[in-house]
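Asker: One structure, as structure tokens, below. Some questions next.
Please treat every number below as a calculation from the coordinates, not as lab data. Note that this is a predicted model, so its numbers are computed, not measured. Here the Cβ positions follow ideal geometry from the backbone for every residue, glycine too, while neighbour counts run over all protein chains shown.
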Amino acid sequence: MNAGLHRNDRGEDAGPALLGALEDYDAALARAPGHAEARWRRGALRLRLSRWAEAIADLEAVDLAAVADSTRERVKNLLVDARWRLQEDWTGPFREAEEAMQHGRRAEALAKFEEALRAHDERRAALPRDRLAAFDEAARPVLCGLEYNRACLFALSAAEAAGAGAGADAEEAGRLREDAFRSLAEAVRLGWDNAAHLEADTDLAGLRGDARWAALVEQVRGRGR
């Protein structure tokens, strides 16, 4: 048997009993694809196996009218859990980055944000095509905050390098300012809509003399009109 069948989405070993049960549900649904009981139970099992995207696909396909009220609530709760865990799989480094940022550990925070972006891309690449839209919608606010925070970190680092005054540092400051504007523009593209916060954020003070700053602020202001 393919060794991959014995591992969940995190690469952890899955027990043979669980895999045997999964094969039974697969066979049952091959015979009767509309069987609501088998569908939600396979979704619950896939959730237990950390196969989040597959669990979501099953649970969303359950005909809720065909199950008891208590089961209907259970299916809804399982679906919420599966969606959360799908995000949880890649957002751990994001939370670690925010903690490092709050404690002034700028380099560590930037590294963790990069790790979160890689984890997001890997998770997205592993999903079936029909799950991408839902994943992207759920990921959008997280990525928006991530890019905004990266812009703050890049801007602070640019200001620090510019303050050093040496030629190499001035060059580094310019590069970091470009990184800050790229991240800020991406945050705006992803939906950043708090113009008041943007304009008052002292972390971004070093960007305000640039024409691109005014354009981004105007774009965000426009969302509130």
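Asker: Between beta-carbons, use under 10 Å as the cut-off and find the net charge around residue 124, counting Lys and Arg +1, Asp and Glu -1.
Answerer: -1
Asker: Next up: At 222 nm, what value in deg cm²/dmol follows for the chain if DSSP H runs of at least 4 each add -39500 (n - 2.57) and the sum is divided by all its residues, to the nearest 500?
Answerer: Theoretical 222 nm ellipticity from helices: -25500 deg cm²/dmol.
Asker: Which log10 I(q)/I(0) values, to two decimals, does the chain give at q = 0.08, 0.13, 0.16 Å⁻¹ under the Debye formula with one point per Cα?
Answerer: -0.43, -0.84, -1.05
Asker: Can you list the HN-Hα couplings for the stretch 30-36, worked out from phi with the Karplus curve (6.51, -1.76, 1.60; θ = phi - 60°), rounded to whole Hz and with x for Gly and Pro?
Answerer: Result, rounded to whole Hz: 5, 7, 9, x, x, 6, 5.
Asker: Now a separate question. Taking K and R as +1 and D and E as -1, what net charge do the other residues with C-beta under 11 Å from the C-beta of residue 110 add up to?
Answerer: 0
Asker: Angle check, please: helix 52-61 long axis (alpha carbons) against the longest principal axis of the chain (alpha carbons), in degrees 0 to 90, nearest 10.
Answerer: It is inclined by approximately 60 degrees.
Asker: If each residue's Cβ is checked for other Cβ atoms within 10 Å, how do 90, 40 rank with the fewest at the top?
Answerer: Exposure proxy ranking, most exposed first: 90, 40.
Asker: Gain in length, residue 32 to residue 106, computed as 0.36 nm per residue apart minus the alpha-carbon separation, to one decimal in nm?
Answerer: Full extension of this stretch gives 21.1 nm more.
Asker: Test of understanding: what is the full-extension gain from residue 24 to residue 118, defined as 0.36 nm times their sequence separation minus their Cα-Cα distance?
Answerer: Taking 0.36 nm per residue and subtracting the Cα distance, the gain is 30.3 nm.
Asker: To continue, here is another question. Return 62, 67 ranked ascending by Cβ neighbour count within 10 Å, so the fewest neighbours appear first.
Answerer: With the fewest neighbours first, 62, 67 line up as 67, 62.
Asker: For the stretch 24-51 and the stretch 162-223, what is the separation of their C-alpha centers, rounded to whole Å?
Answerer: Each part's Cα centre sits 49 Å from the other's.
Asker: So what is the orientation-averaged projected area of the stretch 128-223, using the convex hull of its C-alpha atoms, in nm²?
Answerer: 7.1
Asker: Mind sorting 84, 192 by how few other Cβ atoms lie within 10 Å of their own Cβ, fewest first?
Answerer: Lowest to highest Cβ neighbour count: 84, 192.
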